[in-house]
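**Q** Pasting a structure below so you can have a look.
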Amino acid sequence: MTQVTQRFCAAAAVLALTTLTSTAFADGRDYNDGPVINVASIRTVDGHFDDYMHWLATTWKKQEESAKKAGLITAYRVIVIEPRGPQDPDILLVTEYKNWAALDHLGSKLDQISAKVEGSVDVANKSQADRAKIRTVLGSDNVQVAELK
């Protein structure tokens, strides 16, 4: 082989290795950004666990299914946990979004879904206020899944 051919082959090999490496770790990290998950911590009032679970199984489920059908969320679930103290949740409401951008202008979009499911935004707001008698929202967190490569 001539020197020009050898240099060309060496350059092609380096280019191929660089391409393979940069394809596997395109952004220099060992993970990709996955979905964004909101986890709401709920504590039901003593004696009202079943009342709140009934609301979740009916109205809340309809809202979540409508949001999923509209492409606003990708998944949802209810997790029941054993509280360790009086300020600990007994229910976690988990809602999954495709990415952080899915949260942009989400409030107005969810208002439309609430109005569709409950009749109007005013009725949905009253329903939310009434639920305060059977549960307390302790807070919520938004987190993002790191999908390992």
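The values are calculated or read from the model by the stated rules, or taken from the named source; none is laboratory data. Not measured: the values here are computed from a predicted model. As a convention, Cβ positions derive from the backbone with ideal geometry for all residues, glycine included, and neighbour counts pool all protein chains shown. Quick note on the areas: whole protein, heavy atoms, side chains included, nothing else; ligands and nucleic acids left out. Shrake-Rupley method; radii C 1.70, N 1.55, O 1.52, S 1.80 Å.
**Q** Summing Lys, Arg as +1 and Asp, Glu as -1, what charge do residues with Cβ under 10 Å from the Cβ of residue 48 carry, residue 48 excluded? Could the numbers behind the result be given before it?
**A** Details: positive: 131, 133, 135; negative: 46, 50, 51.
Neighbourhood net charge equals 0.
**Q** Please state the Cα pair-distance histogram of the range 59-125 with 10 angstrom bins from zero: what percent is in each bin?
**A** 20, 41, 29, 10
**Q** Let me ask something additional. How big is the dipole moment of the range 28-78 about its Cα centre under a simple scheme where the beta carbon of each Lys and Arg is +1, that of each Asp and Glu is -1, and everything else is neutral? Debye, nearest 20, please.
**A** About 200 debye.
**Q** Taking a virtual spin label 7 Å from the Cα of residue 116 along the C-beta vector, which residues in the range 32-76 bring their backbone nitrogen under 13 Å of it?
**A** Correct set: 62-73.
**Q** Expressed in nm to one decimal, what extension gain is obtained for the pair residue 75 and residue 40 from 0.36 nm per residue of sequence separation less their Cα-Cα distance?
**A** Residue separation times 0.36 nm, minus the Cα-Cα distance, leaves 11.2 nm.
**Q** Give me the extension gain from residue 109 to residue 30: residue separation times 0.36 nm, minus the current Cα-Cα distance, reported in nm with one decimal.
**A** On the way: separation 79, 0.36 × 79 = 28.44 nm, distance 3.44 nm.
So the extension gain works out to 25.0 nm.
**Q** When the Cα atoms of the range 18-149 are enclosed in a convex hull and the volume is divided per residue, what value in Å³ results? It would help to have the intermediate numbers written out before the result.
**A** Values: hull volume 16.8 nm³, N = 132.
Hull volume normalised by residue count: 127 Å³.
**Q** Tell me, what % of the accessible area of the range 51-149 is carbon and sulfur with a 1.4 angstrom probe?
**A** Accessible surface attributable to carbon and sulfur in the range 51-149 totals 52 percent.
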